[in-house]
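Worksheet: the structure to be examined is printed underneath.
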Amino acid sequence: MRPRPEEKKLETLGRIAADRALEHATLQPFLGDKHFRVVAKAATLAGERSMPELTADLLAAYARFLDEPVKRDPNCIAKSAIARALVNLGCDDVDFYLAGIRYTQPEPVWGGSADSAIDVRCSCALGLVNTGYSRAIHELTALLQDKESRARTGAAHAISCGNPKEAEAVLRLKVLVGDEEAEVIGECFTGILSIAPLECLPFVATYLGGENDNIRDFAALALGECRNPKVVEYLRTAWDACGALGEFPIVLIRAAALNRTEPAFDWLMSIIETGAKRHADAAVEALAVYERNTKLNERVEQALARRKAR
């Protein structure tokens, strides 16, 4: 059976990808191809190889796939790749991104339809912020209410990269209003702490005692990732409040390991040495990601040795 034309082109693009001296003229014809997978592969290469000279070709290719989109670009494979590439290339076309954050592509699935343009909206949200457009966050507030949770998460991430004062206010409000998916709130926590870590620690820490277990977990992990030594005080307070019972202590241990500060490591060593076995095991496992940190590994071994000697 002979390979289809697009398969031959994809093979060619695979060989081109290995060329370290790739020039834009090599990719340009593939961006004009009619097959969505060929264009998607070429667009990905253009973004990865930083070829801003192909921006106009990428925009033209995207526009072509807006015609009969479900037929010509099922699952938004080409348009998603193009949007990602344009963001990577620093494209500053505000109108393109404004249209992109509103683009939907319902496609038939068993029992109804599904929107395949979520990645397009997420990429365009980040691209819009990156342009420096003064009303970017105003425009993205609507995306925070998108019916698709992944789009709302993408909006929260994009907003966190924008004007700090505006971004903090919008993300705080979203947390207070809530969302049916805890992951969206978790992205808001991460964004808030990236904008103003010291000022926002108490706000996020209040959710360590919340009734929603998933939001509580996301709050703990977001606090850990901000790598501020003050975080450990909040984690230990939450530990005491839950009586070290249930699964939340394991999350707090993971958060402390993410924190990467001396107070966090000191606390984890005390858990390894004197804590319940399941907590000690969890702490050792959480610290295993730092296997190249010789000094830290020695501390873990010493804590285990003291535990065994007790």
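Here are a few things to note about the model shown:
- On inspection, residue 165 passes the criterion of being surrounded by fewer than 16 Cβ atoms within 10 Å (Cβ to Cβ) and part of a helix (DSSP H, G or I).
- Answer residue from segment 134-162, given it is of a type in the set (D, E, K, R) and surrounded by fewer than 16 Cβ atoms within 10 Å (Cβ to Cβ) and is farthest from residue 178 (Cα to Cα) among those: 135
- Residue within segment 2-22 that is touching a helix residue (DSSP H, G or I) at 6+ places or on another chain (Cβ under 9 Å) and within 27 Å of residue 125 (Cα to Cα) present: no
- Test: residue in segment 63-70 that is free of Cβ contacts under 8 Å to residues at least 40 places away in the same chain, more than 30 Å from residue 109 (Cβ to Cβ) and out of contact with any helix residue (DSSP H, G or I) (no Cβ under 6 Å at 6 or more places or on another chain): no
- Among (1) farther than 20 Å from residue 16 by Cα; (2) in a helix (DSSP H, G or I) - the single one residue 67 does not satisfy: (2)
- Any hit, segment 179-189, residues being under 24 Å from residue 54 (Cα atoms), surrounded by fewer than 19 Cβ atoms within 10 Å (Cβ to Cβ) and modelled with pLDDT of 95 or more: no
- Test: residue in segment 100-110 that is out of contact with any Lys or Arg (no Cβ under 8 Å at 6 or more places or on another chain) and within 22 Å of residue 167 (Cα to Cα): no
- Set 45, 27, 59: member being more than 27 Å from the chain's Cα centre (by Cα) and either surrounded by 21 or more Cβ atoms within 10 Å (Cβ to Cβ) or part of a helix (DSSP H, G or I) (or both): 27
- Residue list for segment 99-120, restricted to those being buried (at least 16 other Cβ atoms within 10 Å of the Cβ) and within 27 Å of residue 28 (Cβ to Cβ): 100, 103, 105, 116, 117, 119, 120
For every residue, the table says whether it meets (1) closer than 21 Å to residue 79 by Cβ; (2) polar (S, T, N, Q).
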{"position": "15", "(1), (2)": "no, no"}
{"position": "27", "(1), (2)": "yes, no"}
{"position": "34", "(1), (2)": "yes, no"}
{"position": "41", "(1), (2)": "yes, no"}
{"position": "47", "(1), (2)": "yes, no"}
{"position": "50", "(1), (2)": "yes, yes"}
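The values are calculated or read from the model by the stated rules, or taken from the named source; none is laboratory data. Computed from a predicted model, the values in this text were never measured in an experiment. For neighbour counting, all protein chains shown are included, and Cβ atoms are generated from backbone atoms with ideal geometry for every residue, glycine included.
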